[in-house]
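**Q** Before I ask anything, let me first share the structure, which is written out below as structure tokens.
The values are calculated or read from the model by the stated rules, or taken from the named source; none is laboratory data. In this text, all values refer to a predicted model and were calculated from it rather than measured experimentally. Glycine also receives a Cβ, built like all others from the backbone with ideal geometry; neighbour counts cover every protein chain displayed. Ligands, DNA and RNA are excluded from the accessible area calculation, which covers all protein heavy atoms including side chains. Shrake-Rupley method; radii C 1.70, N 1.55, O 1.52, S 1.80 Å.
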Amino acid sequence: MANTAPDAHDAQWYRDRIDCLSGFMLPQRFETLCRVAGQRTRWMTVCTENTFHPQNASAIVRTCEAFGIQDIHTVESLCPFSPNLHIVRGTDKWIDLHRHATTAEAIAALRGAGYRIVATTPHSGDTAPEAFDVSAAPFAVVFGTEHAGVSDEMIAASDAFIRIPMCGFVESLNVSACASILLYQLSQRLRTGDAPWQLAEPERLQLLFRWLKASIGDAERILARRFPRP
């Protein structure tokens, strides 16, 4: 999967520190962090190629966070992926952003993590989201540039293609609108299916610990006092 999970020994290490830090925030806030971590997935991830407009980058970040998608991969061979901080409103700190200098680098990273590469295209004959098999194996949904779409290099490497069927004269949607529709449909189907979409416990604990540290201003000093190094 996308990130290496800690082993069983590390899991207990995280539990101890989570128990310590959780006492420094309101119980309701800690419950929210636990609930959201329990809904996170790396079975599905997202890859964007050269997203130019900050508004679109921001919308993709917010959509992934809203639907529990933990990782976003970005190809930045032509332009950086630069979400507008006023639009993402802090949601970027809850997800993991993996930046790649080239499409080839992104493909290698996704393949190495065991993902099927699924390109979004408006061509007839591609799979509609309700027909795509979300349970067969982990998958990465690829969104192309605002004007040219998914690159030829990414299309050549793709295992499947997915599209949003259109009923009007419009042939394609804005990349952020496309992401919102597809990720909602696919994440809902994933959570009601039989795929092991949730993070394994050690990986979930690792994420929860990281979120706690980001939420508590003096977390490092608290941990240093409670768990001094020998």
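**Q** Between a residue in region 95-119 that is closer than 13 Å to Ile155 by Cα and modelled with pLDDT of 95 or more and any residue that is among the acidic types (Asp, Glu) and in a helix (DSSP H, G or I), which pairs come within a Cβ distance under 6 Å, given they are 6 or more apart or on different chains?
**A** Listed pairs, sorted by first residue: Thr103/Glu153.
**Q** Another question, then. So Gly149 ticks every box in (1) farther than 28 Å from Pro196 by Cα; (2) at pLDDT 95 or above but one. Which box is left unticked?
**A** (2)
**Q** Determine the pairs where a residue that is more than 16 Å from Glu65 (Cα to Cα), located within region 199-216, has a partner that is among the polar types (S, T, N, Q) with Cβ atoms under 8 Å apart, the partner being 6 or more residues away or on another chain.
**A** Glu203/Asn3; Leu212/Ser22
**Q** Are any of the residues in region 155-162 over 16 Å from the mean Cα position of the chain (by Cα), within 15 Å of Phe132 (Cβ to Cβ) and either assigned to a helix (DSSP H, G or I) or acidic (Asp, Glu) (or both)?
**A** So in region 155-162, the residues over 16 Å from the mean Cα position of the chain (by Cα) come out as 155-162.
Still in the running and within 15 Å of Phe132 (Cβ to Cβ): 158-162.
Those still in the list that are either assigned to a helix (DSSP H, G or I) or acidic (Asp, Glu) (or both) too: 159.
For region 155-162, residues over 16 Å from the mean Cα position of the chain (by Cα), within 15 Å of Phe132 (Cβ to Cβ) and either assigned to a helix (DSSP H, G or I) or acidic (Asp, Glu) (or both): present.
**Q** Suppose we filter Ala140, Ala160 for residues that are modelled with pLDDT of 95 or more and either within 10 Å of Ala119 (Cα to Cα) or acidic (Asp, Glu) (or both); which single one remains? Quick ask: steps written out before the conclusion?
**A** On the way: Ala160 fails: modelled with pLDDT of 95 or more.
Step by step, each of Ala140, Ala160 is checked, and only Ala140 is modelled with pLDDT of 95 or more and either within 10 Å of Ala119 (Cα to Cα) or acidic (Asp, Glu) (or both).
**Q** If you don't mind, there's one more thing I want to ask. Residue under question is Leu183, and the condition is that it be outside any loop (DSSP other than H, G, I, E, B), within 30 Å of Tyr14 (Cα to Cα) and in contact (Cβ under 8 Å) with a residue 12 or more places away in the chain; does it hold? Explain how you work it out, then say what you get.
**A** On the way: outside any loop (DSSP other than H, G, I, E, B): yes; within 30 Å of Tyr14 (Cα to Cα): no; in contact (Cβ under 8 Å) with a residue 12 or more places away in the chain: yes.
Considered against the rule, which asks whether it is outside any loop (DSSP other than H, G, I, E, B), within 30 Å of Tyr14 (Cα to Cα) and in contact (Cβ under 8 Å) with a residue 12 or more places away in the chain, Leu183 comes out as no.
**Q** Are any residues in region 60-112 on the phi > 0 side of the Ramachandran plot and of a type in the set (D, E, K, R), and if so, which ones? Even if it seems obvious, please write down each step before you answer.
**A** Here is the first cut: in region 60-112, the residues on the phi > 0 side of the Ramachandran plot are 68, 89-90.
Within region 60-112, just Arg89 meets the criteria.
**Q** In region 194-214, is there at least one residue being assigned to a loop (DSSP other than H, G, I, E, B), surrounded by 14 or more Cβ atoms within 10 Å (Cβ to Cβ) and out of contact with any Leu (no Cβ under 8 Å at 6 or more places or on another chain)? Before you say what the answer is, go through the steps one by one.
**A** Restricting attention to region 194-214, the residues satisfying the condition of being assigned to a loop (DSSP other than H, G, I, E, B) are 194-197, 199-200.
Restricting the remaining residues to those that are surrounded by 14 or more Cβ atoms within 10 Å (Cβ to Cβ) gives 195, 197, 199-200.
Then drop every residue that is not out of contact with any Leu (no Cβ under 8 Å at 6 or more places or on another chain), which leaves 195, 200.
Scanning region 194-214 turns up at least one residue that is assigned to a loop (DSSP other than H, G, I, E, B), surrounded by 14 or more Cβ atoms within 10 Å (Cβ to Cβ) and out of contact with any Leu (no Cβ under 8 Å at 6 or more places or on another chain).
**Q** Moving to a separate point now. Which count do you get for residues in region 109-122 that are over 17 Å from the mean Cα position of the chain (by Cα) and either open to solvent by 50 Å² or more (accessible area, probe 1.4 Å) or aliphatic (A, V, I, L, M) (or both)?
**A** Here is the first cut: in region 109-122, the ones over 17 Å from the mean Cα position of the chain (by Cα) are 121-122.
Okay, now just the ones that are also either open to solvent by 50 Å² or more (accessible area, probe 1.4 Å) or aliphatic (A, V, I, L, M) (or both), so 122.
Of the residues in that region, 1 qualify.
**Q** Follow-up question, since we're still on this one. Considering only region 215-224, how many residues are open to solvent by 60 Å² or more (accessible area, probe 1.4 Å) and touching a Leu at 6+ places or on another chain (Cβ under 8 Å)?
**A** Residues that pass the stated criteria total 0.
**Q** Select from region 171-193 the residues that are open to solvent by 20 Å² or more (accessible area, probe 1.4 Å) and of a type in the set (A, V, I, L, M) and list them in ascending order.
**A** Result: Leu173, Ala177, Ile181.
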